[in-house]
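S.K.: Before we start, here is the structure in question, set down as structure tokens.
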Amino acid sequence: MSHKAGFVSIIGKPNVGKSTLMNALVGEKLSIITPKAQTTRHRILGIVNEDDYQIVFSDTPGIIKPLYGLQDSMMSAVNGALVDADLIFFVTDINEKHDENDVLEKINNTSIPLVVLLNKIDKASQEQVDEKIAFWQKELNPKHIFAISALEGYNVDGLLPLILDNLPEHPPYYDKDELTDRSQRFFVSEIIREKIFNNYQKEIPYSTEVIVTSFKEEEDIIRINAEIIVERDSQKNILIGKAGSMLKKVGMEARKDIEKFVDKKVFLQTFVKVLPDWRSKKNYLKNFGYES
């Protein structure tokens, strides 16, 4: 029996629902989701396996004009996802005002089949949907345009036949029991980072990185130590909160989600460390797993 395998890259501006879409397509929460833009910093693979195919989805950071080293690395992750894609899903919020030039610069001259996904249509009128379909048909002339709601799961299942039509015959790229290319440590750090995005305002989430420094798996418990990196002492004080109250809240919320993810009891300790201007320093970015 023939076997299909290939890569589907999910791209778009920040906060259009790319991570929600990939989680829906894979059927697992692999990418963290917050109401804030630029939550995703890495290219994260989600792998769907069946007997006769393997689909490797790439969730990517939202496309922006980079202002510092970390954002340069984020845009490199997008470029990498575009290079090896067999199919591109360009996700756009139905309520966007056609100001997606940063995205269009990356996909205008691609020869890779392109599908436009009009997301969040659960909050839109049919007139809006029709107007956007007409706009993107004229602007990009994509292979297909789908109106979806990733959050509600509307029309998401309908993407599978289209994906399979565009995948080449190829052996699996990953073992058939793999769900992602990332380690448990990576997802632990992402879960903690998600709680920081949800609990703090302004620059705090964007100035923060989470490093798992210890991950010890015992028979009935996993003991995890994590460092939360910030850029300034003032951010450290806000992150910790009065008498450690905010850091305790973040740790408690993260521990509950980590226990669900690893299906085991977890003991989590978090520490806060100041590394001035880490987002612009190549040695820190490299140590934290970012590449430019």
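The values are calculated or read from the model by the stated rules, or taken from the named source; none is laboratory data. Owing to the predicted nature of the structure, the values given are computational and were not obtained by experimental measurement. Every residue, glycine among them, receives a Cβ derived from its backbone with ideal geometry; neighbour counts consider all protein chains shown. Ligands, DNA and RNA are stripped out before the accessible areas are found, and what is left, the full protein with its side chains, is counted by its heavy atoms. Shrake-Rupley method; radii C 1.70, N 1.55, O 1.52, S 1.80 Å.
S.K.: Can you tell me which residues in the stretch 213-237 are within 16 Å of Leu275 (Cβ to Cβ) and either in contact with a Lys or Arg (Cβ under 9 Å, 6 or more places away or on another chain) or of a type in the set (Phe, Trp, Tyr) (or both)? Break it down stepwise before answering.
M.R.: Initial filter on the stretch 213-237 (within 16 Å of Leu275 (Cβ to Cβ)): 213, 226-237.
Selection gives Glu227, Ile228, Ile229, Val230, Glu231, Lys236.
S.K.: I'm checking my understanding of the structure. Among residues of the stretch 126-167 that are within 17 Å of Ser58 (Cα to Cα) and part of a loop (DSSP other than H, G, I, E, B), which one is most open to solvent (accessible area, probe 1.4 Å)?
M.R.: Our first condition is that a residue be within 17 Å of Ser58 (Cα to Cα); within the stretch 126-167, this holds for 150, 156, 159-160, 162-164, 166-167.
When the remaining residues are screened for being part of a loop (DSSP other than H, G, I, E, B), the result is 150, 156, 166-167.
On the way: Ala150: 5, Val156: 9, Asn166: 28, Leu167: 10 Å².
Once the filter is applied, the top-ranked residue is Asn166.
S.K.: For Glu178, indicate whether it is out of contact with any Gly (no Cβ under 7 Å at 6 or more places or on another chain), over 28 Å from Glu28 (Cα atoms), modelled with pLDDT under 95 and open to solvent by less than 80 Å² (accessible area, probe 1.4 Å). Reasoning before the result, please.
M.R.: Values: out of contact with any Gly (no Cβ under 7 Å at 6 or more places or on another chain): yes; over 28 Å from Glu28 (Cα atoms): no; modelled with pLDDT under 95: yes; open to solvent by less than 80 Å² (accessible area, probe 1.4 Å): yes.
No: the conditions fail for Glu178.
S.K.: Using the structure shown, decide if Ile55 is surrounded by 20 or more Cβ atoms within 10 Å (Cβ to Cβ), touching a residue at least 12 places away in the same chain (Cβ under 8 Å), over 20 Å from Phe288 (Cα atoms) and not acidic (Asp, Glu).
M.R.: Numbers: surrounded by 20 or more Cβ atoms within 10 Å (Cβ to Cβ): yes; touching a residue at least 12 places away in the same chain (Cβ under 8 Å): yes; over 20 Å from Phe288 (Cα atoms): yes; not acidic (Asp, Glu): yes.
Against the criterion (surrounded by 20 or more Cβ atoms within 10 Å (Cβ to Cβ), touching a residue at least 12 places away in the same chain (Cβ under 8 Å), over 20 Å from Phe288 (Cα atoms) and not acidic (Asp, Glu)), Ile55 qualifies.
S.K.: Tell me, please, whether a residue that is loosely packed, with under 13 Cβ neighbours inside 10 Å and over 25 Å from Arg43 (Cβ atoms) can be found in the stretch 277-287.
M.R.: Checked the stretch 277-287: no residue is loosely packed, with under 13 Cβ neighbours inside 10 Å and over 25 Å from Arg43 (Cβ atoms).
S.K.: Restricting the search to the stretch 46-65, which residues are among the hydrophobic types (A, V, I, L, M, F, W, C) and farther than 16 Å from Ser76 by Cβ?
M.R.: If we filter the stretch 46-65 for residues that are among the hydrophobic types (A, V, I, L, M, F, W, C), which is where we start, we get 47-48, 55-57, 63-64.
Result: Ile47, Val48, Ile55, Val56, Phe57.
S.K.: Which pairs turn up if I take residues in the stretch 263-291 that are of a type in the set (D, E, K, R) and look for partners that are open to solvent by 40 Å² or more (accessible area, probe 1.4 Å) with beta carbon separation below 6 Å, at least 6 apart in sequence or on another chain?
M.R.: Sorted first by the residue in the stretch 263-291, then by its partner, the pairs are Lys273/Glu227; Arg279/Tyr68.
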